[in-house]
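First comes the structure, then the notes that go with it.
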Amino acid sequence: MGTETLQHIALFDKCKSFTRAREVQAAGLYPYFKPISRSEDTVVVIEGRDRIMMGSNNYLGLTHHPEVLAAAQQALARYGSGCTGSRFLNGTLDLHEQLELELAEFFGKESCLVFSTGYQANLGLISGLVGRGDVVFLDKLDHASIVDGAKMSHGETVRFNHGDMAGLERKIQRVESKTGTMVIVDGVYSMEGDIADIPAILKVTQKYGAALAIDDAHSVGVLGPKGDGTAAHFNLVDEVDLIVGTFSKSLASIGGFAAGSENVIHYLKHHSRPLIFTAALPPANTAGVLAALHVMQREPERRDQLWANARRLQDGLRGLGFDIGPTTTPIIPVLIGPLERTFLFWRRLFDAGIFTNPVVPPAVPPSQCRLRTSLMATHTDRQIDTALESFARLGKELGVI
C-alpha cells in the first residue's frame, strides 16, 4: 500500500496542482530539457535532426577546440575523474592553484579562488562576506545566483531598479556609516544583453564606502581589450573590488571564480561554505579551463569574429522590424509578447532547425516574453542568415512583425 493512501502529505499538494508544464507538453510546445545527442560546435543534434545552436553561451566556440579537449584528456589520465573531496581538505590540485594564479594575473587582481560552479562562486562570495549587520545591494535584474547568495547571507538585502543610479544612491545613503556594504551587479545582463554602467556605480560605491563586485559571467571573453571583462572594458580594474564569474561560457567548461585582494580571498577560503562543503572542480574541467584561457589570449580574432557575428544578427533582426531591446552585446533577445505566441514561435523555429531559448514569467513580465539568442565566434554568415530567414518568415506568419 502506498504512503499516499495512509496519510495526506500537505507538502506535496503544490506538486499535484502544478499542471502548467504538462499542458504545454501535451500541446507539443514544451521547450525545456531537450536532450542533445551530439554536438558539433554551432550545430547540435536533437530528436535526430541537426539544429543551428543559437542559444548557447559558448561565445568563443572553444568547447570543441582540440587544445581544450587534449588538456582535459591528459588531466583525466593523470589525476582521475574527480577530486573526491573539497578544496579545503583533500581536493586541491596543483591545477587549481595554477588556474587561480593565471586568472588573478589575467583580471589584474592580487588573488583568485576557484569554485566548482559559477553559481557557487556567487553564493560563496556573497554569503562569505556579507554577515549580520551588513547590507548587500542588488540590481533587480541581477542573476538568480546573486539573489540566492544574498538570501544565504545573514545580512540585509536591498534591491534597486535596473540601472537606476539615483535610486541606488537614495537607498545606500540610508545605511549607517561604518556598516559593511556591498553592491553587486551583472557586468552583462543575461536576458537583456546590456552592459552595467560601472563608472556611474563606482561613483556611488566610492562615495559611501561600499565594496563593488561585478559578476562577469557573460563578460569574460566578450568585453575588455583581452576579453578580461567589464572592469577592463571601462579601464577601471583597479577601482573594482571583486570580479566573479563562471567557466561555463567563454571558457568552455564548468566552474567559477572570485578575484580580488589577497586578504579578501584568504578570508573566503576559510569562511565560504559553498567552497568548503562541496567537492572540488574535477581535474579535466580545470585543465580545460586553463587551455581555453590560453587560446582566448592567443587568438583575439575569435573575439573580433564574435562581435562581427553579433552585429550581423542585431542589424538583421532590427532591419526586419523585431524589437531586440537595448542589447549591445552578443546576447540578443527577440521580444515576442504573450507566452503562448512565444512558445509557438520557439516551436516553429525549432522545427525549422533553429534552437533558441524562450524566456517567460517569472523571469520577465507576462507581456514581455522573448526568445533569447546568443552568438558564437564560430557561427558562419550562412548560419546567421538562415536564422534570419526563419525569423522573418515566422515573424510575419505569427504577427510579430
request  = On the protein heavy atoms, probe 1.4 angstrom, tell me the percent of accessible surface of the chain carried by carbon and sulfur.
outcome  = 53 percent
note = Residues whose modelled amide H sits under 5 Å from the amide H of Gly256, counting only those 5 or more places away in sequence or on another chain, are Phe115, Ser116, Thr117, Gly118, Phe247
Percentage relative contact order, region 1-113, counting C-alpha pairs under 8 Å, at least six apart = 9 percent
remark   = With every protein chain kept in place and a 1.4 Å probe, region 296-401 has an accessible area per residue in Å² of 40 Å²
key: Peptides 385-391, 158-164, 250-256 ordered by average Cβ neighbours within 10 Å, highest first   = 250-256, 385-391, 158-164
inquiry  = Run lengths n ≥ 4 of DSSP H only: what is the helix-derived mean residue ellipticity at 222 nm for the chain, with -39500 (n - 2.57) per run over all residues, to the nearest 500?
reply    = -12500 deg cm²/dmol
request  = Taking 7 Å along the Cα-to-C-beta vector as the label spot, tell me the Ala308-Glu389 distance in nanometres, rounded to one decimal.
outcome  = 2.1 nm
task = Return the inverse of the average 1/r over all pairs of distinct C-alpha atoms in region 57-106, which is the Kirkwood hydrodynamic radius, in Å to one decimal.
result = 12.7 Å
inquiry  = With viscosity set to 1.306 mPa s at 10 °C, what whole-number translational diffusion coefficient in µm²/s follows for region 103-247 from Stokes-Einstein and a Kirkwood radius over Cα pairs?
reply    = 106 µm²/s
ask   = How big is the Kirkwood radius of region 108-175, worked out from every pair of different alpha carbons and given in Å to one decimal?
value = 12.8 Å
key: Set of lysines with alpha-carbon distance to Lys109 below 30 Å, sequence-local pairs under 8 removed   = Lys140, Lys151, Lys171, Lys178, Lys203, Lys207, Lys226, Lys249, Lys269
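Sorted by mean Cβ packing within 10 Å, highest first, what order do the peptides 321-328, 99-106 take? Mind dumping the intermediate values first?
Values: 321-328: 16.2, 99-106: 18.6.
Listed from highest to lowest mean packing, they are 99-106, 321-328.
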note = Semi-axes of region 214-363 from the Cα gyration tensor (sqrt of 5 times each eigenvalue, largest first, whole Å) come to 33, 20, 16
note = 1/(1 + (r/R0)^6) with r = Cβ-Cβ of Arg170 and Ile276, R0 = 51 Å, i.e. FRET efficiency to nearest 0.05, evaluates to 0.85
key: Local net charge near Val360, Cβ-Cβ under 14 Å (Lys/Arg +1, Asp/Glu -1)   = +3
ask   = Which of rounded, prolate, oblate describes region 324-401, given a ≥ b ≥ c as roots of the alpha-carbon gyration tensor eigenvalues and a/c under 1.5 marking rounded, otherwise prolate only if a/b is larger than b/c?
value = oblate
request  = Mind checking the full-extension length gain between Glu262 and Asp94? Use 0.36 nm per residue of separation minus the Cα-Cα distance, one decimal, nm.
outcome  = 58.6 nm
Sorted largest first, extent of region 277-349 alpha carbons per principal axis (Å) = 45, 35, 22
request  = May I ask for the distance between the Cα centers of region 47-114 and region 143-170, given as a whole number of Å?
outcome  = 29 Å
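Take the alpha carbon gyration tensor of region 1-152, find the square roots of its eigenvalues, order them as a ≥ b ≥ c, and report rounded if a/c is under 1.5; if not, report prolate when a/b exceeds b/c, else oblate.
oblate
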inquiry  = With a cut-off of 8 Å between alpha carbons and a minimum separation of six or more residues, what is the relative contact order of region 274-401 in percent?
reply    = 27 percent
remark   = Checked against the structure, the computed Cα extents along the principal axes in Å among (1) 61, 59, 44; (2) 58, 58, 52; (3) 62, 49, 42 is the one labelled (2)
message = Tell me whether region 170-279 comes out rounded, prolate or oblate; compute the Cα gyration tensor, take square roots of the eigenvalues as a ≥ b ≥ c, and use a/c under 1.5 as the rounded threshold.
response = oblate
Inter-label distance for Glu23 and Leu11, nm, one decimal - labels placed 7 Å from Cα along Cα-to-Cβ = 2.8 nm
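The values are calculated or read from the model by the stated rules, or taken from the named source; none is laboratory data. Keep in mind the model is a prediction, meaning the values are calculated, not measured. Using ideal geometry, Cβ is built from the backbone for each residue, glycine included, and neighbour counts are taken over all protein chains shown. What goes into the accessible areas is simple: the full protein's heavy atoms, side chains included, and nothing from ligands, DNA or RNA. Shrake-Rupley method; radii C 1.70, N 1.55, O 1.52, S 1.80 Å.
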